[in-house]
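**Student:** Below is a structure I'd like to ask you about.
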Amino acid sequence: MKASTDVLIVGGGPVGLALLLELRYQNINCMLIEQSDGTVNDPKVSTLGSRTMELCRRWGIARSIREVGFPVDHTQDIAWVTAVGGHEIFRVKTSRSHPSYTPEPDQVCPQNQFTPVFLKALQHEPIYLNARLDRFEQSDSGITAHITNTEQSYVIQARYLVACDGARSNIRKACEVQSQQYHETTVFQSVVFDAPKLAEQLSDRNAMVFYLVNPTLQEPLRAVDGKGQYRLILKPNADGQLRDPEEAVRLAIVINTPINIISNVPWRLSHRVVEQYRQGNIFFAGDAAHTLSPSGGFGMNTGIGDALDLGWKLAATVKGWAGEQLLDSYETERKLIAVRNLEEANANLQRTQSRVIPPAILSDSPEGKQLRQQMAIGMERSNVRREFDAPGVHLGFRYESPVIVSEADPPTDNPFEWKQTSYPGCRAPHAWLEPGKSTLDLFGHGFVLLSFQGDSECDRIQSAFQAKGVPLTVHSIAQPEIAGLYERSYVLVRPDGHVAWRSDRLPNNPEALVDQVRGAIR
């Protein structure tokens, strides 16, 4: 059998599915192959960040994600404890208030629950499960991929191939693309277990995440689904052998509660970013492009950001209005963000792993009490909350590339001093235009020019975009509070919702502006 497509996606994890969602949103002919049957047994990722949830809103699945996600009545507190049911050292209480900077707050939802939502939204799309990429060839005309599934072998001709095939990407290896290691690789093991009575037994001492602070265990134990399933992360024994999972869980939980071990899986935590995100018409996204610590929940969300950036640029190229440099800007924009998020995640990891814990911390003695009090003071001063409340990491990243019209005096790169801004390269600010309608809902299929001076003077810039075949919609907004948030009279926003240009005056040479933002200027 032979088939053809514009974009072939290899790998049906969250990033591959997100890319397929974005390409179908952009009405691009594409296909996805996945070597498994699509079933996700390990819960894996737990939190979809606010930017990912904004994209789920874009794709029409945000409500479905929330319906299958963490129960709304389950606590989302974070607690540092000597053991679950033991001494509590410090607690971060969380509120369920809706932040002003996004229409879609983050959502706790393990991968085995949100993947079926993605698949249902894509149920009429060409997804081939149990399909293995045996080999591929690249030529000037595109990619020839040789696929085998349980029934037959076939060949797919594609203009572009996107590797979403994970940290051990066979496509990346075949392309001989190297990745840079930023920190030492560490082996952990993941123990998933059921403890159906634990939450009830803990009562108001319950939490969503427990950080274990004792001489034996210094890893997190977290609720997976809010319904009695948990995950304990462990370091293996000094000789590299996996620890006994039930024994470890009994050390982590000191109250008598029934448990049932579901899985005990080793995994390697690496901190890598590929040296190049593109080789010809082959692109790397998600774990195939970068791996980082799960501390803070940035990994999968970074990969889905790749899918958005690459998706609209592939769509623009397939539709014929992109310049030759637009696809190159994928690496320029996303690689810096991967390194940034990798370092933030590692800082969270090191803050947890670097503590020296004296045995007395477990005791009821005055010494033990004093140790716990001193540690709580240190946690307060070091602001451990930042790992769990980091909107600047999820939303505050800024692209720098030739397809963005830069300005002087950029905003701070410190994600914990972030505030919404229309500075070029940043995500355009969210504000409610009317109940239920966000400014973000205006962005998606083409460029959008937001005018806070009316649209009577915009004919020339509209004509310049039209002449190049670049879709542009002008929205005139007469709400002063939104105008103040957007900071300039005119703000040009890309299909991915990032600002490409802004000014208090319309451009003297709109043709040059169009060519720059579509990647047609070298």
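The values are calculated or read from the model by the stated rules, or taken from the named source; none is laboratory data. Bear in mind the structure is a predicted one, so any value in this text is a computation, not a measurement. Note that we place each Cβ from the backbone using ideal geometry, even for glycine, and neighbour counts take in every protein chain shown. Calculation scope for accessible area: heavy atoms of the full protein, side chains included, ligands and nucleic acids excluded. Shrake-Rupley method; radii C 1.70, N 1.55, O 1.52, S 1.80 Å.
**Student:** For the stretch 95-113, which positions are within 18 Å of residue 298 (Cβ to Cβ) and open to solvent by 50 Å² or more (accessible area, probe 1.4 Å)?
**Tutor:** Hits for the stretch 95-113 are 101, 106.
**Student:** Restricting to the stretch 1-17, what's the tally of residues that are surrounded by fewer than 24 Cβ atoms within 10 Å (Cβ to Cβ) and among the small types (Gly, Ala, Ser)? Outline the logic, then answer.
**Tutor:** Initial filter on the stretch 1-17 (surrounded by fewer than 24 Cβ atoms within 10 Å (Cβ to Cβ)): 1-6, 13.
Narrowing further to those that are among the small types (Gly, Ala, Ser): 3-4, 13.
Number of matching residues: 3.
**Student:** Please go through the stretch 476-513 and give me each residue that is acidic (Asp, Glu) and touching a residue at least 24 places away in the same chain (Cβ under 8 Å), ordered by number. Step through it out loud before you land on a result.
**Tutor:** So the first thing to find is which residues in the stretch 476-513 are acidic (Asp, Glu), and the list is 481, 487, 496, 504, 511.
Those that are acidic (Asp, Glu) and touching a residue at least 24 places away in the same chain (Cβ under 8 Å): 481, 487, 496, 511.
**Student:** Continuing with the same structure: Restrict the check to the stretch 414-425 and report whether at least one residue is farther than 24 Å from residue 494 by Cα and in contact (Cβ under 8 Å) with a residue 24 or more places away in the chain.
**Tutor:** Yes.
To keep it simple, each residue is scored yes or no on (1) at pLDDT 95 or above; (2) closer than 16 Å to residue 130 by Cα; (3) in contact with a strand residue (DSSP E or B) (Cβ under 8 Å, 6 or more places away or on another chain).
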{"position": "3", "(1), (2), (3)": "no, no, yes"}
{"position": "6", "(1), (2), (3)": "yes, no, yes"}
{"position": "15", "(1), (2), (3)": "yes, no, no"}
{"position": "23", "(1), (2), (3)": "yes, no, yes"}
{"position": "30", "(1), (2), (3)": "yes, no, yes"}
{"position": "33", "(1), (2), (3)": "yes, yes, yes"}
{"position": "36", "(1), (2), (3)": "no, yes, no"}
{"position": "40", "(1), (2), (3)": "no, yes, no"}
{"position": "44", "(1), (2), (3)": "no, no, no"}
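**Student:** Only residues that are open to solvent by less than 10 Å² (accessible area, probe 1.4 Å), of a type in the set (A, V, I, L, M, F, W, C) and in a loop (DSSP other than H, G, I, E, B): list them for the stretch 256-306, please. Let's see the steps before the verdict.
**Tutor:** Going through the stretch 256-306, the residues open to solvent by less than 10 Å² (accessible area, probe 1.4 Å) turn out to be 257, 269, 271, 273-274, 277, 282-286, 288-290, 293, 298, 302-304, 306.
After this cut, where a residue has to be of a type in the set (A, V, I, L, M, F, W, C) as well, the list is 269, 273-274, 282-285, 288-289, 298, 304.
Answer for the stretch 256-306, where residues must be open to solvent by less than 10 Å² (accessible area, probe 1.4 Å), of a type in the set (A, V, I, L, M, F, W, C) and in a loop (DSSP other than H, G, I, E, B): 285, 289, 298.
**Student:** For the stretch 500-511, enumerate the residues that are within 15 Å of residue 424 (Cβ to Cβ) and outside any loop (DSSP other than H, G, I, E, B).
**Tutor:** Answer for the stretch 500-511, where residues must be within 15 Å of residue 424 (Cβ to Cβ) and outside any loop (DSSP other than H, G, I, E, B): 500, 501, 502, 503.
**Student:** State which residue is nearest to residue 212 (Cα to Cα) when the search covers only the stretch 360-369 and only residues that are in contact with a helix residue (DSSP H, G or I) (Cβ under 9 Å, 6 or more places away or on another chain) and either open to solvent by 40 Å² or more (accessible area, probe 1.4 Å) or of a type in the set (Ser, Thr, Tyr) (or both). First the steps, then the outcome.
**Tutor:** Looking only at the stretch 360-369, we keep the residues that are in contact with a helix residue (DSSP H, G or I) (Cβ under 9 Å, 6 or more places away or on another chain), and these are 360-363, 367-368.
Checking the rest, the ones that are also either open to solvent by 40 Å² or more (accessible area, probe 1.4 Å) or of a type in the set (Ser, Thr, Tyr) (or both) come to 362-363, 367.
Working: 362: 11, 363: 15, 367: 19 Å.
It comes out as 362.
**Student:** Shifting gears a bit: If you take just the strands (runs of 3 or more DSSP E) that sit entirely in the stretch 374-489, which of them hold at least 1 residues that are closer than 22 Å to residue 516 by Cα, open to solvent by 10 Å² or more (accessible area, probe 1.4 Å) and modelled with pLDDT of 95 or more?
**Tutor:** 472-476
**Student:** I'd like to know if the stretch 60-76 contains one or more residues that are closer than 30 Å to residue 136 by Cα, part of a loop (DSSP other than H, G, I, E, B), in contact with a strand residue (DSSP E or B) (Cβ under 9 Å, 6 or more places away or on another chain) and open to solvent by 20 Å² or more (accessible area, probe 1.4 Å). Before you say what the answer is, go through the steps one by one.
**Tutor:** Of all residues in the stretch 60-76, those closer than 30 Å to residue 136 by Cα come to none.
Looking for residues that are closer than 30 Å to residue 136 by Cα, part of a loop (DSSP other than H, G, I, E, B), in contact with a strand residue (DSSP E or B) (Cβ under 9 Å, 6 or more places away or on another chain) and open to solvent by 20 Å² or more (accessible area, probe 1.4 Å), one finds none in the stretch 60-76, hence no.
**Student:** Moving on. Working carefully through the options 184, 151, find the one that is among the acidic types (Asp, Glu) and assigned to a strand (DSSP E or B). So that I can check it myself, show each step before the final result.
**Tutor:** Details: 151 fails: assigned to a strand (DSSP E or B).
Just one listed residue meets the conditions, 184.
**Student:** A follow-up question, please. Name the residue that is most open to solvent (accessible area, probe 1.4 Å), counting only residues in the stretch 161-172 that are outside any helix (DSSP H, G or I) and on the phi < 0 side of the Ramachandran plot. Step through it out loud before you land on a result.
**Tutor:** Narrowing the stretch 161-172 to residues outside any helix (DSSP H, G or I): 161-169.
Keeping just the survivors that are on the phi < 0 side of the Ramachandran plot gives 161-165, 167-169.
Working: 161: 1, 162: 0, 163: 0, 164: 16, 165: 47, 167: 47, 168: 171, 169: 0 Å².
Taking the candidates together, the pick is 168.
**Student:** While we're looking at this one, here's another question. Within the stretch 323-354, which residues are part of a loop (DSSP other than H, G, I, E, B) and either farther than 18 Å from residue 216 by Cβ or open to solvent by less than 50 Å² (accessible area, probe 1.4 Å) (or both)?
**Tutor:** Of the stretch 323-354, the ones part of a loop (DSSP other than H, G, I, E, B) are 323-328, 354.
Residues satisfying the conditions are 323, 324, 325, 326, 327, 328.
**Student:** Output the number of residues of the stretch 217-252 satisfying the condition of being over 14 Å from residue 264 (Cα atoms) and among the β-branched types (Val, Ile, Thr).
**Tutor:** 1
**Student:** To continue, here is another question. With the condition kept exactly as written, say whether any residue in the stretch 217-228 is of a type in the set (Val, Ile, Thr), closer than 30 Å to residue 373 by Cα and surrounded by fewer than 19 Cβ atoms within 10 Å (Cβ to Cβ). Walk me through it before giving the result.
**Tutor:** Quick first cut of the stretch 217-228, residues of a type in the set (Val, Ile, Thr) only: 224.
Of the ones still in play, those that are also closer than 30 Å to residue 373 by Cα are 224.
With surrounded by fewer than 19 Cβ atoms within 10 Å (Cβ to Cβ) added as a condition, the list becomes none.
The answer is no; no qualifying residue exists.
**Student:** Go through the stretch 23-49 residue by residue and tally those that are of a type outside the set (S, T, N, Q) and within 14 Å of the chain's Cα centre (by Cα).
**Tutor:** Taking the stretch 23-49 as the starting set, the residues that turn out to be of a type outside the set (S, T, N, Q) are 23-25, 28, 30-34, 37-38, 40, 42-45, 48-49.
Within this subset, residues satisfying the condition of being within 14 Å of the chain's Cα centre (by Cα) are 44-45, 48-49.
Summing the residues that are of a type outside the set (S, T, N, Q) and within 14 Å of the chain's Cα centre (by Cα) in the stretch 23-49 gives 4.
**Student:** Right, next: State whether one or more residues within the stretch 414-427 are among the charged types (D, E, K, R), closer than 25 Å to residue 253 by Cβ and in contact with a Gly (Cβ under 9 Å, 6 or more places away or on another chain). Break it down stepwise before answering.
**Tutor:** Quick first cut of the stretch 414-427, residues among the charged types (D, E, K, R) only: 417, 419, 427.
Add one more test, that the residue is closer than 25 Å to residue 253 by Cβ, and what stays is none.
Among the residues of the stretch 414-427, not one is among the charged types (D, E, K, R), closer than 25 Å to residue 253 by Cβ and in contact with a Gly (Cβ under 9 Å, 6 or more places away or on another chain), which makes the answer no.
**Student:** Please go through the stretch 18-41 and give me each residue that is acidic (Asp, Glu) and either open to solvent by less than 40 Å² (accessible area, probe 1.4 Å) or within 14 Å of residue 109 (Cβ to Cβ) (or both), ordered by number. Give the steps one after another, and end with the answer.
**Tutor:** Within the stretch 18-41, the subset acidic (Asp, Glu) is 22, 34, 37.
22, 34, listed by residue number.
**Student:** What residue, among those in the stretch 490-509 that are surrounded by 17 or more Cβ atoms within 10 Å (Cβ to Cβ) and of a type in the set (Lys, Arg), is farthest from the chain's Cα centre (by Cα)?
**Tutor:** Among those that are surrounded by 17 or more Cβ atoms within 10 Å (Cβ to Cβ) and of a type in the set (Lys, Arg), it is 502.
**Student:** Something else: Under 7 Å between Cβ atoms, at least 6 apart or on separate chains: pull out the pairs that start in the stretch 218-239 with a residue that is within 21 Å of residue 362 (Cβ to Cβ) and of a type in the set (Lys, Arg) and end on any residue that is assigned to a loop (DSSP other than H, G, I, E, B) and open to solvent by less than 30 Å² (accessible area, probe 1.4 Å).
**Tutor:** Listed pairs, sorted by first residue: 235/219.
Residues checked against (1) modelled with pLDDT under 95; (2) within 30 Å of residue 2 (Cβ to Cβ); (3) surrounded by 15 or more Cβ atoms within 10 Å (Cβ to Cβ):
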{"position": "156", "(1), (2), (3)": "no, yes, yes"}
{"position": "159", "(1), (2), (3)": "no, yes, yes"}
{"position": "188", "(1), (2), (3)": "yes, no, yes"}
{"position": "194", "(1), (2), (3)": "no, no, yes"}
{"position": "214", "(1), (2), (3)": "yes, no, yes"}
{"position": "230", "(1), (2), (3)": "no, no, yes"}
